[in-house]
Amino acid sequence: MNILNLFKSKKSYMCPLLNNNLHFTSRNTLEPCCSANIGPALVSNLSEKDSIKEFIKAKKHYIEMFKSGKIPAACKDCVHIAEYKKQSDFRINKITLNHYTQCNCACIYCTQGNRSFEKIKEDENKPVLYDVLKFINELYDNNLIDREKLYIDFQGGNISCLKNHQEIIDTFLNRGVGTIYIPTNNIVYMPVIEKLLASKKGELCTALDSGCSETYLKIKQVDKFDKSVENLKKYIEKAGADSIIIKYIIVNGFNDNMEEIVKFMNLMLEIGIKIIVVDIDYRDIIDKSYTIPKHYYDIVNYVKKTCIEHNMDFGMPPYTQRVLERGFSIK
Ligand SMILES: C[S@@+](CC[C@H](N)C(=O)[O-])C[C@H]1O[C@@H](n2cnc3c(N)ncnc32)[C@H](O)[C@@H]1O
Ligand code: SF4
Ligand code: SF4
């Protein structure tokens with residue numbers, strides 16, 4: 001084999017998330033991604049650190065590793081691995097804020113630990129793990145942020161329970177941000193969300209997961225279906241529906257039936273929702289190695305069809321889409 005062929009046969013990789021994303025976790029760590037895998041480069045015990053310089057150094061090391069064709073063990077089989085493309089901008093364009101778990105409901109599927117009424121109470125006065133603003137300001141001060149593109153994904157517990165959420169949002173608005181995405185259970189009406197929606201800087205996403213209060217109560221464990229719907233109507237009235245996304249997470253044995261999805265879609269049409277996202281409970285993906293029941297496809301297809309008929313946008317997270325494309329097995 002001549003030397004040219006040798007070069008051709010060597011594969012190079014990259015991970016777009018590693019290149020430009022940051023994830024502040026509730027495990028007291030900073031990670032490059034928020035995927036099912038944990039990811040390679042991480043700085044632990046953020047609460048004991050003043051700087052994220054160490055993380056940036058580790059990130060460069062892993063970028064080089066991918067480029068040289070080596071896949072870090074923690075990234076094995078990750079769906080985000082891509083073929084290498086030359087890239088020179090490694091500034092952060094997406095930050096996921098997952099540094100707190102406090103919430104005012106207890107969804108049975110919640111990835112933020114086994115939630116219960118006791119946990120809701122216990123969490124109420126629990127401080128956040130670390131000061132996320134210290135690190136965000138460091139990134140801005142060192143020109144490590146793409147201020148125009150920056151997409152903030154407020155994960156965590158529920159934003160209404162995060163005491164300094166206003167200060168965090170103001171920092172982004174003052175220092176430069178593209179879009180602030182706020183997933184929330186919508187149990188509490190928040191004027192700051194109304195303002196973000198009205199100024200086209202924000203997106204709101206609520207996983208309603210049901211078409212009636214009985215199913216909602218079983219899934220979320222709080223009787224707040226009517227309140228959440230009322231708040232949605234209020235946001236639409238004040239700021240329009242263009243940036244409001246309503247999600248239906250299919251939860252095995254709770255809402256995975258046609259009756260519920262029909263009720264849900266009818267309600268969405270009635271209140272003027274324009275964007276629907278269907279997801280599947282991550283526990284199905286993580287625990288059951290992609291064994292997706294056949295009737296999930298009927299639910300997804302019904303939502304798709306209704307969205308087309310009524311000129312609504314239909315979406316599905318890319319990860320879930322790939323899992324569904326891999327096929328199903330009947331339980
Ligand atoms: C942990 S929540 C935090 C934000 C907010 N409390 C909420 O529920 O919208 C972040 C997102 O993860 C989603 N999520 C949590 N557990 C999930 C699961 N098991 N399967 C699918 N999505 C899940 C929620 O619907 C939400 O959109
Ligand atoms: S390849 Fe996957 S696990 Fe690894 S950094 Fe990228 S997104 Fe995270
Ligand atoms: S509202 Fe969000 S954080 Fe709260 S329990 Fe549900 S998924 Fe978890």
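The values are calculated or read from the model by the stated rules, or taken from the named source; none is laboratory data. Bear in mind that the values here come from a model prediction, so they are computed numbers and not experimental data. When we count neighbours, we look across all protein chains shown, and the Cβ atoms used for this are built from the backbone with ideal geometry, even at glycine.
Restricting C103, C75, C107 to those that are at pLDDT 85 or above, surrounded by 13 or more Cβ atoms within 10 Å (Cβ to Cβ) and touching a Gly at 6+ places or on another chain (Cβ under 6 Å) reduces the list to C103.
Would the range 165-173 turn up any residue that is within 17 Å of L133 (Cα to Cα) and aromatic (F, W, Y)? Yes.
Going by what's in this entry, would D242 be described as within 16 Å of ligand 3 (Cβ to nearest atom) and of a type in the set (D, E, K, R)? Against the criterion (within 16 Å of ligand 3 (Cβ to nearest atom) and of a type in the set (D, E, K, R)), D242 does not qualify. When both residues are 6+ apart or on different chains and their Cβ atoms are under 6 Å apart, which pairs have a first residue that lies in the range 94-110 and is under 16 Å from I180 (Cβ atoms) and outside the structural domain of K218 (by TED's automatic domain parsing), and a second that is near ligand 1 (Cβ under 8 Å from one of its atoms) and polar (S, T, N, Q)? Pairs found: T96/Q155; N98/Q155. Of the candidates E83, E54, the single residue that is more than 8 Å from ligand 2 (Cβ to nearest atom), in contact (Cβ under 8 Å) with a residue 12 or more places away in the chain, on the phi < 0 side of the Ramachandran plot and charged (D, E, K, R) is E83.
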